[in-house]
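Colleague: The structure follows.
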Amino acid sequence: MDYINTTLLLSQGKSWIQNENSEKFSEVYSCKNPNDVVSEFLFLISNLYSSQENFEKSNFYLNLSNFLNPKFVFNLSLVVENQYLNKEYKKTKKTLKKFKKEDHFYYWYRVKKEAKIIAKKRNKKESLNYIKAEFDKISQPNDKIIFDIANFYKNSEEYKKAIKYYSKLLNNLNYNFEIKSDLLYRRGGSYERIGEYEKADEDLLHALSIDPENAYILNYLAYSWLERVYKINEAIEMLEKAYSIKSNDPYIIDSIGWAYYLIDDYLKAEEFLKRAVELMPNDPIVNDHYGDILWKLDRKIQARYFWGNVLEMDDAEEEMLEIINNKMIEGLKSS
């Protein structure tokens, strides 16, 4: 049964039905009970406010919802999200304990959130070790859990292990086009990160053949080609298409600006990169790119200003910092 694209509550409901445990519904909710019905309506309002990051109002309606139907513990997933986004990690962990092992999807949700808290408070390695240990305890993980563990490996830069699990999912021929395209995109991105460019291009082009209007796949493949100085003109065409679909996406704006830089159209490149910096002022790659373009336009003081910004950013990689230090001293030509 396909769980990858299904919401948490719906996945758990499907699982209950599949395992002939549908009485769980009646234990927590009844459409004949007006309090339960109103509770769910208030829960929807709470979700709306949470999506707008208005946590005070979200929590207000959520408390009302829980008061009317305290049996429906699964609504506490929204409490968890609000607490986590507010960095109230101790409270988050306490709320997560409401989700028990017998409700597999909610328990796995608990494990994932606990792993993210470990990453925030300690480091990514401990986070990955924790979720891997929990994953290994599951004798027959469903597709959603396999998908999640693949994403954890990818986000932790364990790309070969991520590829293993994405490949396992891609062996399932029953997925709809949207899921298959997304899996190919994620596996292709993993291949790209370990330098297996032929396999990466094969996956990403296959993903595009399924979903040709996907701006993010277009952007990823095109930027990969730009970094390799490969098929620059085709990459620019893809980026222009991506930009026409998602004209306000800062990553796509950065990519198309960098593409014009590579063909020496610095004025057009500056137009895009200036906008990208305005949208993502704290992104090291965007600041680095903008500095390079300003240098080419003979605006060297400004170029060093944006390179200097990168040196102050916590998420800038060591290799980039070394390159930036050279640029600050010697300029772009010698870097």
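Colleague: Only residues that are open to solvent by less than 30 Å² (accessible area, probe 1.4 Å) and among the polar types (S, T, N, Q): list them for the stretch 264-294, please.
Modeller: Result: N287, single match.
Colleague: Given the condition under 27 Å from G188 (Cα atoms), open to solvent by less than 30 Å² (accessible area, probe 1.4 Å) and in contact with a Pro (Cβ under 9 Å, 6 or more places away or on another chain), answer yes or no: does some residue in the stretch 120-143 qualify?
Modeller: Yes, there is a match, as at least one residue in the stretch 120-143 is under 27 Å from G188 (Cα atoms), open to solvent by less than 30 Å² (accessible area, probe 1.4 Å) and in contact with a Pro (Cβ under 9 Å, 6 or more places away or on another chain).
Colleague: Kindly provide the set of residues from the stretch 46-59 that are open to solvent by 70 Å² or more (accessible area, probe 1.4 Å) and more than 15 Å from S77 (Cα to Cα), ordered by number.
Modeller: Hits for the stretch 46-59 are Q52, E53, E56, K57.
Colleague: Pairs please, first residue from the stretch 259-284 and touching a residue at least 12 places away in the same chain (Cβ under 8 Å), second anywhere and of a type outside the set (V, I, T) and open to solvent by 60 Å² or more (accessible area, probe 1.4 Å), Cβ atoms under 7 Å, 6+ apart in sequence or on different chains.
Modeller: What qualifies is Y260/K268; Y266/K296; P284/D315.
Colleague: Sort out for me the helices (runs of 4 or more DSSP H) sitting completely within the stretch 182-293 that have 2 or more residues that are touching a Ser or Thr at 6+ places or on another chain (Cβ under 6 Å).
Modeller: Those helices (runs of 4 or more DSSP H) span 197-210, 215-227.
Colleague: Now for a separate question. Tell me which residues, restricted to the stretch 244-258, are open to solvent by 60 Å² or more (accessible area, probe 1.4 Å) and either over 23 Å from the mean Cα position of the chain (by Cα) or not hydrophobic (A, V, I, L, M, F, W, C) (or both).
Modeller: Passing the criteria: S244, K246, N248, Y251.
Colleague: Using the structure shown, decide if F306 is under 25 Å from the mean Cα position of the chain (by Cα) and open to solvent by less than 70 Å² (accessible area, probe 1.4 Å).
Modeller: no
Colleague: Also, I was wondering about something else. Quick check on the stretch 158-206: of everything there that is among the polar types (S, T, N, Q) and surrounded by 15 or more Cβ atoms within 10 Å (Cβ to Cβ), which residue is modelled with the lowest pLDDT?
Modeller: S181
Yes/no per residue for (1) touching a residue at least 24 places away in the same chain (Cβ under 8 Å); (2) farther than 17 Å from E114 by Cβ; (3) in a loop (DSSP other than H, G, I, E, B); (4) among the charged types (D, E, K, R):
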position	(1), (2), (3), (4)
I45	no, yes, no, no
L48	no, yes, no, no
E53	yes, yes, yes, yes
L62	no, yes, no, no
S65	yes, yes, no, no
P70	no, yes, yes, no
N75	yes, yes, no, no
E81	yes, no, no, yes
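Colleague: Does the stretch 171-181 contain any residue that is among the acidic types (D, E) and in a helix (DSSP H, G or I)?
Modeller: Taking every residue of the stretch 171-181 in turn, at least one turns out to be among the acidic types (D, E) and in a helix (DSSP H, G or I).
Colleague: Also, quick follow-up: Taking the stated definitions as given, is I117 at pLDDT 90 or above, in contact with a helix residue (DSSP H, G or I) (Cβ under 6 Å, 6 or more places away or on another chain), under 23 Å from Q83 (Cα atoms) and in a helix (DSSP H, G or I)?
Modeller: Answer is yes for this residue.
Colleague: Still on this model: With Y220, Y261 as the choices, which residue is more than 25 Å from G331 (Cβ to Cβ) and either open to solvent by 20 Å² or more (accessible area, probe 1.4 Å) or out of contact with any His (no Cβ under 7 Å at 6 or more places or on another chain) (or both)?
Modeller: Exactly one residue qualifies, and that residue is Y220.
Colleague: Additional query: What single numbered condition from (1) charged (D, E, K, R); (2) within 26 Å of Y107 (Cβ to Cβ); (3) touching a helix residue (DSSP H, G or I) at 6+ places or on another chain (Cβ under 7 Å) fails to hold for K164?
Modeller: That leaves (3) as the condition not met.
Colleague: Now, a different point. Kindly provide the set of residues from the stretch 133-192 that are free of Cβ contacts under 8 Å to residues at least 12 places away in the same chain and acidic (D, E), ordered by number.
Modeller: D136, the sole residue that qualifies.
Colleague: Residue under question is D298, and the condition is that it be at pLDDT 90 or above, under 23 Å from E240 (Cβ atoms) and of a type in the set (D, E); does it hold?
Modeller: Spelling it out, it is not the case that D298 is at pLDDT 90 or above, under 23 Å from E240 (Cβ atoms) and of a type in the set (D, E).
Colleague: Filter the stretch 26-45 for residues that are touching a helix residue (DSSP H, G or I) at 6+ places or on another chain (Cβ under 7 Å) and open to solvent by 60 Å² or more (accessible area, probe 1.4 Å); which is modelled with the lowest pLDDT?
Modeller: Y29
The values are calculated or read from the model by the stated rules, or taken from the named source; none is laboratory data. Please read all numbers here as calculations on a predicted model, not as lab measurements. All Cβ positions, even for glycine, are placed from backbone atoms using ideal geometry, and neighbour counts span all protein chains on display. These area figures cover heavy atoms from the full protein model, side chains too; ligands, DNA and RNA do not enter into them. Shrake-Rupley method; radii C 1.70, N 1.55, O 1.52, S 1.80 Å.
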